Amino acid sequence: MAKRRPVRNLLGLAVLTVLVQRPMHPYEMASVLRARAKDRDMRIKWGSLYTVVGNLEKHGLIAAVESNRQGARPERTVYRVTDAGLAEAADWTRELLAAPADEPSAFEAGLSVLGGLGPDEVAELLRRRLAVLERHVAADRDELERDGREVPRLFLLEAEYALAMRQAEAAWVRALLAELTDGTFPGLDAWRTYRETGRLPDDVAAAAERGRLDD
């Protein structure tokens, strides 16, 4: 089970890990994180960066080193990670690696209510999704191969994982699409009847009701 952390925004973990490299001011932190594409790996809201930095300092996970001003620019405070911050980053990373999180995706939400559409329309929507997924898979594979020539694999594992997940999703969508196309999807006729009449066959309705009660 995930523990309650003083700063729970994943941007906080990103800040802690980037400060391991050297002390930085928030603008520099954002520049480095963007350069490393951390907004692709984590759900980062850049507008909350200064709030997150303030909370990290409040809880003793980072500390101000100096403040400086260049010309007419606003004053910038440089921060370093503390020992407590290093410990928090390590513990947080262990939790993320070891404990699977139940985080339903938008696609799962769509799948849970697709019965409101007809099977032919669903098949067409899945074809569109599959086309996009296949483009992403090809692009990700090329990028990973290119980066792999220069970057140690240690720093490409998240890209490997993202590619594997996209490939798995594409394979699953492709298989489901095949069932809808060749008519082997279980209950396809009942689904069509439901779309046409608004009523499920009695046995299907009973099974659906049992499923809801079991939940």
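The values are calculated or read from the model by the stated rules, or taken from the named source; none is laboratory data. Every value quoted in this text rests on a predicted model; they were computed, and no experiment measured them. Positions of Cβ are backbone-derived with ideal geometry, glycine not excepted, and every protein chain shown enters the neighbour counts. These accessible areas exclude ligands, DNA and RNA; they are computed on the full protein's heavy atoms, side chains included. Shrake-Rupley method; radii C 1.70, N 1.55, O 1.52, S 1.80 Å.
Restricting the calculation to alpha carbons of region 52-133 gives Rg and Dmax of 23.4, 63 angstrom. Normalised by 2.2 N^0.38 Å, with N the number of residues, the alpha-carbon radius of gyration of region 65-206 equals 1.68.
Rounded to whole numbers, the Karplus 3J(HN,Hα) couplings from phi for region 20-25 are 4, 5, 4, x, 8, 8 Hz, using 6.51 cos²θ - 1.76 cosθ + 1.60 with θ = phi - 60°, and x at Gly and Pro. Model label points for L188 and L176, set 7 angstrom from Cα along the Cα-to-Cβ axis, are 1.6 nm apart. Counted residue by residue at 0.36 nm each, then reduced by the alpha carbon distance between them, the extension gain from S67 to S48 reaches 4.8 nm.
Taking amide H as placed 1.01 Å from N in the peptide plane, V78 has its amide H under 5 Å from the amide H of V65, E66, S67, N68, each at least 5 places away in sequence or on another chain.
Can you tell me the orientation of helix 49-58 relative to the chain, as the angle in degrees between its alpha-carbon axis and the longest Cα principal axis, to the nearest 10? Helix 49-58 and the main axis of the chain meet at about 60 degrees. Label sites at E75 and R195, each approximated as a point 7 angstrom past Cα along Cα to Cβ, lie 6.4 nm apart. For the chain, the share of accessible area belonging to carbon and sulfur comes to 53 percent (1.4 Å probe, ligands and nucleic acids excluded).
Averaged over its residues, the chain has an accessible area of 67 Å² per residue, based on protein heavy atoms and a 1.4 Å probe.
3J(HN,Hα) along region 107-114, derived from phi through the Karplus expression 6.51 cos²θ - 1.76 cosθ + 1.60 where θ = phi - 60°, amounts to 5, 4, 4, x, 4, 5, 10, 5 Hz, with x in place of Gly and Pro. Compute the long axis of helix 26-35 from its Cα atoms, compare it with the longest principal axis of the Cα atoms of the chain, and write down the angle in degrees, 0 to 90, nearest 10. Here the helix axis deviates by roughly 50 degrees.
Amide H contacts under 5 Å for I62: E57, T82, restricted to partners 5 or more places along the chain or on a different chain, H placed in the peptide plane at 1.01 Å from N. Taking 0.36 nm per residue of sequence separation and removing the Cα-Cα distance, the E108/E150 pair yields an extension gain of 11.5 nm.
So how tilted is helix 188-197 from the main axis of the chain? Cα-based, degrees 0 to 90, rounded to 10. Between helix and principal axis, roughly 90 degrees.
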